[in-house]
Amino acid sequence: MNKYYQNELEKLREQAVEFSQAYPTIAPQLAQASTDPDVERILEGVAFLSAQIRQKIDDDFPEFSQGLLKQIFPHYLRPFPSATIIQFLPKDIMKNKVHVPKGTFIDSVEVDGISCRFSTAFDMDVWPLEVSNVRQNESSVGKKSIEIDFSMKGLTVSQMNDESMRIHLGGDYVGAVELFYLLMNCVESVDIQQAGGQNVVADKIKIEAVGFEADQGLVDFPGNSFPAYRLIQEYFILKEKFLFIELKNIRQYFKSISSGAFTLKFLLDDSVTALPRLGKERFMLHATPAVNLFKRDAESMLNDHKRNEYRVRPLRDVDNNFQIYSVDKVSGHNRRSGSQTSYREIGLANPDLNSEPVYQLNHRQVENDGTQVFVSFSYPQEYTLSNQETLAIELTCSNGTHPSKLKPGDISKSTSSTSDLMTFSNILQPSDHQNVPTGSSMLWRLLSHLSLNYLSLADTDNLKALLGLYIFSSNTGNTLEVANRKRIEGVSSVTVEACDRLISGLPMRGQSIKVRVNPANYAGMGDMYLFGVLLDRLFASFASINCFTEFSMTDEASEETFTWPIRIGDRPLI
């Protein structure tokens, strides 16, 4: 805004002199420098109004592009809040499992005079179980294995009734993602050993990645958004969210363990020649992603039907400590008549726009103030308007940029939704808050989304362009953005070929997708593999009905190839 104002003020003064010289008889004073503060105030006021008009013209029709995005890609109009990983630790007084539901709130220590609130993203059961030791072994024939000792407090292992066990791979990212690759690709068998007992080959245990399914998102994704875009968004913001594994079908092996301790052994194949540094921090129990979101009311306001729009402000937000993530409900109350009006957000899902009042949201980027949200209203032609009504608006909010200043261990304060039987804290510094990419970039981002389809993704530049849409310019220059852009640029080529496979005894048509990457652009084989997992899901989600995808990624330096199971949509055929 400042640039527009300065330009308009300078232009006003220059053109005033030119006009006075051209028409000296009707405007002789315009050519002279003014010392009257009232005259200067008038000029500055006119320049300010002109600057607002000029800025509006240069906005690339934000209401138009936001309206379309709301219908097709509504997630793109929501800022992405700060996120982290939180681990829960049982206290000595815990004697049985405690369920920690998704949406459990945890507060942080104060930063900038405010305590930031996070909510958990996964459902989780916490047992009095801990990792007591982690080590690596090597057999007489040179095969490596990873052994993890677990111990229970006050219970026997047989009393654990969970069908699966979830583990977060922690520690430094490079080592953790390398371990993720090994456990997902190089495990020959899993053994379970009771303390002092025999090894049992747990051949029914299945190792699965966590975080990629529709119900495992950091945020509640809008139903009319493309699910694969959530994975891209979360990958570029918090990769550690995908470093969870789940050991399926483990309960049947726990039933026979009468003691309070056992050892889990991952036997690795011949391809594994070295392991990342191992320690207890590599295998973290009772961990979950958490995101800086919480419910809050907006400041009440009077709707007198005379204004075009109203700014929505979180309640008691004196120092801009809250950022609006979503508007969840809008209603109006007439105090005189006691009538209540429920507004619906305008959209394609509205059954009859001619019979019910609706509201529309508009997002605007403001210097030093994040994203502002405005609401406007529309009524059916025959609708009887009240003189004025009090608006009640329910919001989901974040703390904006404040959480990124927190350190590991700072999110540890109890709330009404936490249990006294556990301690908890974040093991990662929270990620940066991402603002909505409003302004001049929104229209071309919308067009880029609309121009992409399954076939266009077969082009290397198109794939890079799609991924690049989810690296927002607000992060320009920071380490995370540079690393993410480098990963995207690591894609050397994409080829798609039609192929036929026999699936469940029936012939099926599909696409074989082959991507070649430059390993120098990734932080090791594990980082490259996790990027491949993302691309596998992305291509599968674009596949047409009854068409499978077969994805592979090749390291162009070593020619080593990663392959993924054939997929139909989000479902692997294995």
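The values are calculated or read from the model by the stated rules, or taken from the named source; none is laboratory data. Only a predicted model underlies this, so the values are computations on that prediction, with no experimental measurement involved. Cβ sites come from the backbone with ideal geometry, for glycine too, and all protein chains shown count toward neighbours.
Worth pointing out:
- Any chance E559 is outside the structural domain of F212 (by TED's automatic domain parsing), in a loop (DSSP other than H, G, I, E, B) and of a type in the set (D, E): yes
- Just one residue in the set A483, A520 is within 26 Å of S271 (Cα to Cα) and part of a helix (DSSP H, G or I); that residue is A520.
- Conditions (1) surrounded by fewer than 16 Cβ atoms within 10 Å (Cβ to Cβ); (2) modelled with pLDDT of 90 or more; (3) closer than 30 Å to T401 by Cβ; (4) of a type outside the set (S, T, Y): number failed by G490: (1)
- F226 being closer than 15 Å to G211 by Cα and modelled with pLDDT under 95: no
- Test: residue in the stretch 33-55 that is charged (D, E, K, R), in contact with a strand residue (DSSP E or B) (Cβ under 7 Å, 6 or more places away or on another chain) and modelled with pLDDT under 85: no
- Tally of residues being assigned to a loop (DSSP other than H, G, I, E, B) and of a type in the set (V, I, T) across the stretch 317-346: 2
- Members of the stretch 507-522 found to be aliphatic (A, V, I, L, M), surrounded by fewer than 18 Cβ atoms within 10 Å (Cβ to Cβ) and either more than 16 Å from T549 (Cα to Cα) or under 26 Å from the mean Cα position of the chain (by Cα) (or both), listed by number: A520
For (1) within 23 Å of V174 (Cα to Cα); (2) surrounded by fewer than 18 Cβ atoms within 10 Å (Cβ to Cβ); (3) polar (S, T, N, Q), each residue gets a yes or a no:
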| site | (1), (2), (3) |
| --- | --- |
| Y253 | no, no, no |
| G260 | no, no, no |
| L275 | yes, yes, no |
| L293 | no, no, no |
| A298 | no, no, no |
| D319 | no, yes, no |
| S326 | no, no, yes |
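- Exactly one residue among G526, G532, G505 is out of contact with any Cys (no Cβ under 9 Å at 6 or more places or on another chain) and more than 21 Å from V210 (Cα to Cα), and that residue is G505.
- Boolean, K248 is basic (K, R) and modelled with pLDDT of 95 or more: yes
- Considering each residue of the stretch 129-150 in turn, none proves to be part of a loop (DSSP other than H, G, I, E, B) and within 24 Å of the chain's Cα centre (by Cα).
- Reported count of residues in the stretch 92-109, each being among the charged types (D, E, K, R) and modelled with pLDDT under 95, is 3.
- Checking every residue in the stretch 108-122 against the condition of being of a type outside the set (A, V, I, L, M), in contact (Cβ under 8 Å) with a residue 60 or more places away in the chain, part of a loop (DSSP other than H, G, I, E, B) and under 25 Å from G217 (Cβ atoms) gives at least one match.
- A search for C-beta distances below 8 Å between a residue of the stretch 189-204 that is on the phi > 0 side of the Ramachandran plot and any residue that is among the hydroxyl-bearing types (S, T, Y) and surrounded by 14 or more Cβ atoms within 10 Å (Cβ to Cβ), counting only pairs 6+ apart in sequence or on different chains, returns G196/S259.
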